[in-house]
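A.B. asks: One structure coming up, written as C-alpha cells, with questions to follow.
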Amino acid sequence: MQNNLSSPTASPTASPTPFSATLHPSLTNGGVQKAIAVGSWGTRALDALQPIAQLAARLYVAQVFFASGLTKIRDWDTTLALFMDEYKVPVLSPTVAAVMGTAGELGLPILLALGLGSRFAALGLSVVNVVAVLSLSDIAPAALEQHILWGTLLVGVAVFGPGGLALDRWVQRFIFKTL
C-alpha cells in the first residue's frame, strides 16, 4: 500500500503536507496579492475619512458644551442657585465657579468647532467635564457614560490634533511658515 501524504487517512508518522498544499485555492495564483490590494484600498479609504470623523467629533462635543453654556446664561439666577446648592465645585466660590464654567462652556466650544487652538480648547473642556462629574454628588449612570464619551473624544483631539479640517492646520501651514 502506497502512503499518500495529502490523504486524510495518512499514517500519523508520515510527514505533514507542504504549506502550499493546504492553502485555499482562492489564495493561490495571485489571490494573496488581490487580498492585500483590497486591504490597502480599504486603509486608504479610511485614512481619507479621518478629517471628516475628527471634524464630526469636534462639532458633536462643541455642540454639547455650547448648549449647556446657553442654558446656564439664559437663566443666570437658577445657574447661581445650582452652583450654590447642588454643584459642589472644590476650591472656588459658587459665583466664580458659575462664571468660569459658563465662560468655558460658551468660549471653548467655538474654538473647538473652528479647529482654532483645538488642543487648548479640548484640554479646557476636559477640565470642565471632569469638574462637572466630580462636583455632582449623585450622577446617573447614563449621564456618567455621556461624560466619559465626551472626555474620550476630547482626549482624542488633545492627543492626535484636530485633523485636516481645522483652522489650526491653516494657521500652521500659512502663518507660521512665513515666520
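The values are calculated or read from the model by the stated rules, or taken from the named source; none is laboratory data. Since we're looking at a predicted model, the values are computed, not measured. Don't worry about glycine lacking a Cβ; one is built from the backbone with ideal geometry, like all the others, and counts go over all protein chains shown. Side chains included, ligands, DNA and RNA excluded: accessible areas come from the protein's heavy atoms. Shrake-Rupley method; radii C 1.70, N 1.55, O 1.52, S 1.80 Å.
A.B. asks: Given R₀ = 22 Å, FRET efficiency for Thr95-Arg169 by Cβ-Cβ distance, to 0.05?
C.D. replies: On the way: r = 38 Å, r/R0 = 1.75.
My answer for the efficiency is 0.05.
A.B. asks: Once phi is turned into ³J(HN,Hα) by the Karplus curve 6.51 cos²θ - 1.76 cosθ + 1.60 with θ = phi - 60°, what whole-Hz value does each residue of segment 140-157 show in order, with x for glycine and proline?
C.D. replies: Values, residue by residue: 5, x, 5, 5, 4, 4, 5, 4, 5, 4, 4, x, 5, 5, 5, 5, x, 5 Hz.
A.B. asks: Using a simple charge model, +1 on the beta-carbon of Lys and Arg, -1 on the beta-carbon of Asp and Glu, nothing else, what dipole does segment 50-145 show about its Cα centre, in debye to the nearest 20?
C.D. replies: Its charge dipole is roughly 380 debye.
A.B. asks: Would you please classify the overall shape of segment 89-170 from the alpha carbon gyration tensor, given that a ≥ b ≥ c denote the square roots of the eigenvalues, rounded means a/c under 1.5, and beyond that prolate means a/b larger than b/c while oblate covers the rest?
C.D. replies: oblate
A.B. asks: Assuming R0 = 35 Å, can you tell me the calculated FRET efficiency for the pair Gln146 and Ala45, based on Cβ-Cβ distance, to the nearest 0.05?
C.D. replies: Efficiency, rounded to the nearest 0.05: 0.70.
A.B. asks: Right, next: Grab the Cα-Cα distance for Ile110 and Val159, subtract it from 0.36 nm times how many residues apart they are, and report the gain in nm with one decimal.
C.D. replies: Contour length minus Cα-Cα distance gives 15.7 nm.
A.B. asks: Right, another one. At 1.4 Å probe size, with no ligands or nucleic acids counted, give the accessible surface of Met84 in Å², nearest ten.
C.D. replies: 100 Å²
A.B. asks: Return the carbon/sulfur percentage of the accessible area of segment 91-179, one whole number, probe 1.4 Å, all protein chains in place. Could you put the intermediate results ahead of the total?
C.D. replies: Details: 3910 of 5250 Å².
C and S fraction of accessible area: 74 percent.
A.B. asks: Quick check for you: with a 1.4 Å probe and neighbouring chains kept, what is the accessible area per residue of segment 76-179, in Å²?
C.D. replies: 60 Å²
A.B. asks: Give me a comma-separated list of calculated 3J(HN,Hα) values for segment 66-72, in order, Karplus coefficients 6.51, -1.76, 1.60 applied at θ = phi - 60°, integers in Hz, x for any Gly or Pro.
C.D. replies: Along segment 66-72, the couplings run 5, 4, 5, x, 4, 4, 5 Hz.
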